[in-house]
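A short worksheet on the structure shown next.
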Amino acid sequence: MRPAVSSSRSPFLAKKNKTPTEQIVITVAPSLFPWFPFRPQPPARYWQEPQKKDENKVEIDGKVTKQAPLQRKDKNAQKAKKRKPEEVEDHGKKFISGVRLLCEQLRCRVISSKVLLTKNYLFPFNLRFLEGDEGEDTCTISQEDIANAVDITSGAKYFNLKLSQFGPYRLDYSKTGCHLVLGGRRGHVACIDWRSKQLMCEINVMETVNDVKWLHSEAMYAVAQKKWLYIYDSNGIELHCIRKFNDVLRMQFLPYHFLLATASATSFLQYLDVSVGKEVAAICTKTGRLDVMCQNPQNAIIHLGHHNGTVTLWSPNQKEALVKMLCHQGSVRSVAVDKTGTYMVTSGMDKKLKVYDVRAFKPLKSYFIPAGASCLSLSQRGLLSAATGDIVQVYRDVWSTPVNKPYMAHRVRGAVWGLHFCPFEDVLGVGHGDGFTSMLVPGAGEPNFDGLDANPYRSAKQKQEWEVKALLEKIQPELISLDPTELGHVDQATLEQRHQDRVQALGFDPLAKEKFVPKYKKKGRSSAGSVERRKKQVGHEDQRDMIRKTVEDKMKIEKERQEREKKASVFSSKKSALDRFKK
């Protein structure tokens with residue numbers, strides 16, 4: 001093992017003992033609330049309270065004098081009036097204060113359990129997308145405008161890292177969305193807790209970095225370097241150097257199988273089981289350099305894009321491609337699959353963006369992008385991000401309705417090299433030539449997380465228990481297939497073959513019906529005549545069952561014959577243009 005070399009020219013840690021956060025350029029950015037884009041007024045502070053006007057002071061010739069208050073003759077006016085509950089209107093919604101608000105809360109708590117089972121109560125989070133004013137396109141709203149409209153807590157999610165020395169950068173978020181790993185083309189690798197802006201580790205591997213990928217937890221990540229594949233821990237210590245995996249360009253991690261899939265420049269697709277450190281499969285695709293790769297989260301099938309415009313689907317169980325699709329007239333630049341495994345989005349050198357239904361392998365939509373899309377990424381809620389040069393565009397509903405304009409757009413400093421949506425957050429990470437940018441994309445993240453699978457707020461003890469459980473429930477690579485539902489079906493042909501082998505091994509059929517043998521009865525009931533009568537009775541019952549089955553088969557055959565004759569008569573009754581040649 002060779003130790004990882006720490007960079008003396010670190011973009012995060014300067015020579016004058018500066019903290020990591022001092023090198024991070026942070027721009028206050030937004031949290032996405034339902035009332036956006038209305039910009040609220042800042043709350044009044046105690047030092048900004050308006051001064052109350054004293055009614056007893058009177059100004060005479062520029063001088064302020066104080067006079068005695070006037071006595072009111074109306075005695076009823078001195079009585080305190082009952083205060084009515086205040087109603088405040090805010091953009092068409094009424095907020096009720098006082099006792100009525102308490103009654104409303106109590107009434108909501110006594111809703112029946114049957115109503116609570118509905119989706120609106122179990123999942124109260126509604127999608128809140130960016131909405132512009134009348135006649136305003138949301139793509140013209142900049143990140144700075146969003147930052148000025150939201151609170152500072154969510155504002156920390158929008159920031160820029162200026163790392164122009166070692167770029168361009170590729171990135172990957174952990175499964176829980178709490179940690180970020182960056183890999184610069186010139187060897188810079190850094191792990192960050194991007195929410196708290198805490199630098200976990202930073203190294204320089206002193207050679208080209210092609211891709212980075214988190215493994216099953218935040219404790220380990222893989223780096224595809226110029227020659228071989230390396231595994232590091234969260235402290236930047238090199239754990240493994242896997243020389244079987246050489247010239248790796250792209251990587252994908254299958255979390256439920258503990259498999260790291262790699263695509264190399266030598267046209268090899270390899271699978272590494274990270275739980276035991278064993279190579280599961282090595283497939284030669286014979287399609288040239290493999291630099292376009294993604295996975296289907298639903299069935300763990302790997303999608304590869306090739307220079308001849310085809311996209312192939314692969315499984316570690318077969319040496320040949322499961323499916324070959326001709327998607328573009330030019331080379332394929334990027335591929336992305338949504339989390340349900342239903343839709344696939346591809347972009348090619350022909351400047352087209354196409355949407356396919358993976359279930360039927362048919363195209364649904366086709367869009368023309370003038371400059372083409374170099375990187376694609378799909379969020380948990382179906383938003384599509386496409387990078388064109390130094391411009392990042394986000395689209396909504398690309399597979400359901402025709403899209404004429406982008407939902408959001410943002411320009412970065414340098415060509416985009418990597419895109420990735422953060423899980424459970426309305427954040428899009430962009431790696432480019434000048435460093436890294438964290439964008440805010442309203443409605444991108446899934447608000448409801450599974451606490452037993454990917455819990456962003458789990459403790460250290462919960463993390464240990466989850467890792468042990470995940471290893472015990474690891475899915476074997478042999479179960480990866482195009483249709484995961486086939487695992488619950490019974491293979492009738494294999495079952496019959498096993499039964500025949502068992503009959504040959506035993507010399508008799510153990511499932512065959514045994515021959516009836518009358519039991520011996522006492523007190524003169526086992527006479528020869530009684531035994532014969534019992535045999536005939538059982539024989540007649542078996543014969544009736546056989547006759548009934550034969551009659552049902554005959555009726556079925558007769559019904560099918562009548563249906564065929566009926567169809568033939570219908571076709572024969574139709575006149576054809578060739579009937580005039582009949583004699």
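If you count only protein heavy atoms with a 1.4 Å probe, what accessible area per residue comes out for the stretch 138-440, rounded to a whole Å²? Mind dumping the intermediate values first?
Working: 11080 Å² over 303 residues.
Per residue, the stretch 138-440 has 37 Å² of solvent-accessible surface.
With every protein chain present, what accessible area does CYS241 have (1.4 Å probe, heavy atoms only), rounded to the nearest 10 Å²?
Near enough 50 Å² of accessible area.
Would you pull out the residues with amide H under 5 Å of PHE245's amide H, same chain only if 5 or more places away, H placed 1.01 Å from N?
LEU229
What's the local net charge at ASP453, with K and R +1, D and E -1, over the other residues with C-beta under 11 Å away? Please list the in-between numbers first.
On the way: positive: LYS175, ARG458, LYS469; negative: ASP450, GLU473.
Charge balance near ASP453 sits at +1.
Roughly how many percent of the accessible protein surface of the stretch 138-440 is carbon and sulfur, given a 1.4 Å probe and a whole-percent answer? Intermediate values should be presented prior to the final figure.
Numbers: 5500 of 11080 Å².
Carbon-and-sulfur percentage of accessible area, whole number: 50.
So who's got an amide H within less than 5 Å of the one on GLN225, skipping anything under 5 residues away but keeping other chains? H placed 1.01 Å off N, in plane.
Close amide H contacts, sequence-distant or interchain: ASN210, TYR230.
Could you tally the net charge around LEU249, taking each other residue with its Cβ under 9 Å from the Cβ of LEU249, Lys/Arg +1 and Asp/Glu -1?
Working: positive: ARG250, ARG289; negative: ASP211, ASP247, ASP291.
Result for the neighbourhood of LEU249: -1.
Please list, in order along the stretch 194-202, the HN-Hα scalar couplings obtained from phi with the Karplus expression 6.51 cos²θ - 1.76 cosθ + 1.60 (θ = phi - 60°), rounded to whole Hz, x for Gly and Pro.
Whole-Hz 3J(HN,Hα) from phi for the stretch 194-202: 5, 6, 8, 6, 9, 7, 7, 7, 7.
Applying the Karplus parametrisation 6.51 cos²θ - 1.76 cosθ + 1.60 with θ = phi - 60° to the phi angles of the stretch 490-502, what ³J(HN,Hα) value in whole Hz is obtained for each residue in order, glycine and proline being reported as x?
9, 7, 5, 4, 5, 5, 5, 5, 5, 5, 5, 4, 5
Accessible surface of TRP228 in the full protein assembly, 1.4 angstrom probe, to the nearest 10 Å²?
Taking all protein chains as shown, TRP228 has close to 60 Å².
Per residue of the stretch 561-573, in order, report the coupling 6.51 cos²θ - 1.76 cosθ + 1.60 (Karplus, θ = phi - 60°) as ³J(HN,Hα) in whole Hz, putting x for Gly and Pro.
Using θ = phi - 60°, the values come out as 5, 5, 5, 5, 5, 5, 5, 5, 5, 5, 5, 6, 6 Hz.
Show me the chymotrypsin sites (Phe, Trp or Tyr not before Pro) within the stretch 301-403 that DSSP assigns to loop and that have at most 16 other Cβ atoms within 10 Å of their Cβ.
PHE361
Under 5 Å between amide H atoms, partner at least 5 residues away or on a different chain: which partners does ARG128 have, H built in plane at 1.01 Å?
GLY443
The values are calculated or read from the model by the stated rules, or taken from the named source; none is laboratory data. This one's a predicted model, so the numbers in the text were calculated from it and none came from an experiment. A quick note on method: Cβ atoms are made from the backbone with ideal geometry, for glycine too, and the neighbour counts reach across all protein chains shown. The protein model used for the area step is the full one, side chains on, heavy atoms only, and it has no ligands, DNA or RNA in it. Shrake-Rupley method; radii C 1.70, N 1.55, O 1.52, S 1.80 Å.
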